[in-house]
Amino acid sequence: MRIDIKDILGKWKEYTLFNDMGMTVSVLDYGGIITEIMVPDRNGKFENVVLGFKNYTEYEQNHSNYFGAIIGRVAGRIEDASFEINNQPYHLEANEGHHQLHGGSKGFHQVKWSVTPFQNKKAVGIRLDHKSIDGEGGYPGNIDITVTYTLTNDNKLTLEYSATSDKTTALALTNHSYFNLNGDLKNTVENHHVTIDSGHFVELNQELIPTGRLISVDETSFDFRGGRLLKEGFEDVSVQNKIAGKGYDHYFVFDHHLENNAVVQESSSGRIMTMKTDQPGMVMYTSNTLMDGLELKEGPSRRYLGVCLETQSSPASLHHEGFPSVILPAGECYQKQTVFTFGLQS
Ligand code: FUC
């Protein structure tokens, strides 16, 4: 195992983690962005399975897709860019209509994180630290945040998030990688077969804001408990698929009935990715609104080119009862992890 460090544009560093199986994970200090993950297909061919820009200046100029980045303080949409904690109102920047998306225009996806590489017998990784100041972006509390990316020889990539705040605040961190198991963007994710351990998802209104209702997945294209192809949701005429831009952009609440919270498989390459987390749910976003023609590493962007599994609590909890809470009490430790394991179909 080893770590390579590359200078990027004279202002950032890219850390590439290598395990002994040949898998690599590359991460920028800027935004904690995962720029590339190389894993083998069934013929042993290593290809990239995440979306990333060809030209790294784009990461700074084009934020609206959040490729591979750490998202915070609160991932997802906060209705009316405001919330209350103990009757105290907090007003945030509205960066999507009158709502806030992904922590606002100066969210953690744009922070230059301070990085410490590490390596031991079993693992190679980097630790990313950032301090967010009380009142920053309208959020209460000085927060110390650490995100750790660890790669092991069983092709597991573990993302650990920890944080403490000196005031009770709202915090929901995630990573916004777009996976595409075809490798090197050879196709969209329409034929990705996805299993999700979830019997309920969060209903959205036309502005993609949670209505406050949880819907059962029974008899819908949101029932991934037995596995289904993503294209079934792209082609579905249901109101919820249409609202999302003909696909998925919804929070799924995990049931914890299956071994993994999610499994993604692509049969032509034979690649499988399993995801296991202690988060209560995730947003699955299928690039429904990804624009055409961005210059990515292996070719132009287009709709449905990647699938994001944004494990997190639900910002809907700030305005409605019955959703996994994003409140972090003062002095308490926020501690979460998500593990992505890459393998092959048998
Ligand atoms: C996801 C979605 C949004 C948005 C963004 C790029 O997290 O929830 O709708 O398009 O990614």
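Quick note: the coordinates plus some simple rules give every number you see, no bench work behind them. Keep in mind that what you see is a predicted model, and the values were worked out from it rather than measured. When we count neighbours, we look across all protein chains shown, and the Cβ atoms used for this are built from the backbone with ideal geometry, even at glycine.
State to the nearest 20 debye the size of the charge dipole of the chain about its Cα centre, where the only charges are +1 on K and R beta carbons and -1 on D and E beta carbons.
880 debye
Eigenvalues of the Cα gyration tensor times 5, then square-rooted: what semi-axes does that give for the stretch 276-335, in whole angstrom, largest first?
32, 14, 10
Please pull out the direction-averaged projected area of the stretch 206-254, using the convex hull of its alpha-carbon atoms, in nm² to one decimal place.
So the mean shadow area of the Cα hull is 3.5 nm².
Between the DSSP loop rule and a limit of at most 16 other Cβ atoms within 10 Å, which GluC sites (Glu not before Pro) in the stretch 207-271 are left?
Here the sparse-neighbourhood loop sites are E207, E219, E259.
Need the C-alpha centroid separation for the stretch 266-291 versus the stretch 129-194, integer Å.
Spelled out, the Cα-based centre of one part sits 14 Å from the other.
Please give the net charge around S165, taking every other residue with its beta carbon less than 13 angstrom from that of S165, where Lys and Arg add +1 and Asp and Glu add -1.
-2
Just want the ordering: E60, E96, from fewest to most Cβ atoms lying within 10 Å of their own Cβ.
E60, E96
Are there trypsin sites (Lys or Arg not before Pro) in the stretch 89-163 that DSSP puts in a loop and that have at most 11 other Cβ atoms within 10 Å, and which ones?
K121, K122
If Lys and Arg each add +1 and Asp and Glu each add -1, what is the summed charge of the other residues whose beta carbon sits under 11 Å from the beta carbon of V202?
0
Could you work out the mean projected area of the convex hull around the alpha carbons of the stretch 1-107, in square nanometres to one decimal?
Dividing the Cα hull surface by four gives the mean projection, 9.4 nm².
Could you work out Rg/(2.2 N^0.38 Å) for the stretch 233-346, with Rg from alpha carbons only?
Cα Rg divided by the expected 2.2 N^0.38 Å: 1.24.
Beyond 29 Å, what share of the Cα-Cα pairs of the chain remains, rounded to the nearest whole percent?
Cα-Cα pairs in the chain separated by more than 29 Å: 35 percent.
Which of the listed residues, G72, T152, H130, is farthest toward the dipole's positive end in the stretch 67-152, when Lys, Arg count +1 and Asp, Glu count -1 at the beta-carbon?
Result: T152.
So, in Å, what gap is there between the alpha-carbon centers of the stretch 92-110 and the stretch 206-238?
Between the Cα centres of the stretch 92-110 and the stretch 206-238 lies a distance of 26 Å.
Excluding H256 itself, what net charge comes from residues whose Cβ is under 11 Å from its Cβ, given Lys and Arg +1 and Asp and Glu -1?
Around H256, the surrounding residues sum to -3.
Under 5 Å between amide H atoms, partner at least 5 residues away or on a different chain: which partners does T35 have, H built in plane at 1.01 Å?
Here S26, V27, L28 satisfy the definition.
Springs between alpha-carbon atoms under 10 Å, Gaussian network over the chain: tell me which of V239, V115, V264 tops the mean-square fluctuations.
Fluctuation is largest for V239.
Taking a cut-off of 30 Å between Cα atoms, list the lysines near K122, but don't count ones fewer than 8 places away on the same chain.
K122 reaches K6, K13, K45, K112, K131, K156, K276, K336.
List the equivalent ellipsoid semi-axes of the stretch 73-195 in whole Å, largest first, each obtained as the square root of 5λ for an eigenvalue λ of the Cα gyration tensor.
31, 22, 12
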